[in-house]
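Each reported figure results from applying straightforward, stated rules to the coordinates on display, with no laboratory input. Every value quoted in this text rests on a predicted model; they were computed, and no experiment measured them. Please note: Cβ atoms are built from the backbone with ideal geometry, for glycine as well, and neighbour counts cover all protein chains shown.
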Amino acid sequence: MRIGLDLDNTLVAYDQAFLAVGKEAGLLPPDFAGSKAAVKARLLAERPDGRTWETLQGQVYGRRIDQAVLYPGVVEFLARCRAEAVQLAIVSHKTLLAHHDPHSTNLHEAALAWLGRQGFFGDAGFGLAPENVFFERTREDKVRRIRTLGCDVFIDDLPEVLAHGELPRRCRKILFSPASGSAPDGCERYVSWSEITHALFPKS
């Protein structure tokens, strides 16, 4: 079995990162609390052109990705995949450079380095090969990559990716959606990685 995984907001949780970096940068008051979505809503309300939000987003996905964490249950899922000899690939829609970043941070390199620190690569970790991490510039390129890889399963937090007309019908489409919502036709929705593990490995 080959399983494809989205990266941002699927494997990687950013809520605490946006809060921490936003407060450090003085963009959020010290007592502000809320999710990434709440941070985005506040910054867009203050500056509707999106520049403040995009600047913060570029920092969190780039130089400050160290503040991000894996979602609960991801480690156990990856360990189970390794035990079952599942072939894993990460396919992410990610631009090369951060928005409004004077340092011109390479987001692909930042993400790869973060994955390495989390133990994704090498025999001592989850066994994913760096060459099986793909960063695509457009959503269409991402879907084509999933198709080219021949993924039996793809897991994403975006319904629009899973509902894309070019995604193969035989690919099992799983929506990771901790918040409320419904999955597109032909997709399964789970609110946690524990649920995903049990769905893919019923004996676990």
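Compared with the dominant principal axis of the Cα atoms in the chain, helix 51-61 is inclined by about 50°. Here the 3J(HN,Hα) profile of the stretch 152-169, calculated from phi with Karplus coefficients 6.51, -1.76 and 1.60 at θ = phi - 60°, is 7, 9, 9, 10, 8, 9, 10, x, 5, 6, 5, 8, 4, x, 8, 6, x, 5 Hz, Gly and Pro shown as x.
Note on residue 194 and residue 109: their simple-model spin labels are 4.0 nm apart, each label 7 Å out from Cα toward Cβ. Computed over the chain, the per-residue total of -39500 (n - 2.57) for DSSP H runs of n ≥ 4 gives a 222 nm mean residue ellipticity of -10500 deg cm²/dmol, rounded to 500.
Work out which GluC sites (Glu not before Pro) in the chain are exposed loop sites (DSSP not H, G, I, E or B, at most 16 other Cβ within 10 Å) and give the longest gap free of them. Here the longest segment lacking exposed loop sites spans 1-83.
By the beta-carbon count within 10 Å of each Cβ, the least crowded to most crowded order of 47, 64, fewest first, is 47, 64.
Give the cross-link partners of residue 94 among the lysines, using a straight C-alpha distance below 19 Å as the criterion and excluding same-chain residues fewer than 8 apart. Within the straight-line limit of under 19 Å, residue 94 reaches these lysines: 36, 40, 142.
Simple point charges give the picture: +1 on the Cβ of Lys and Arg, -1 on the Cβ of Asp and Glu, and for the stretch 15-67 a dipole about the Cα centre of about 80 debye. Under the convention that each Lys and Arg Cβ holds +1 and each Asp and Glu Cβ holds -1, the size of the dipole of the chain around its Cα centre is about 260 debye.
Close amide H partners of residue 28, meaning residues 5 or more places away or on another chain with modelled amide H under 5 Å apart, are 23.
Residues 203, 94, ranked from the fewest to the most other C-beta atoms within 10 Å, line up as 203, 94.
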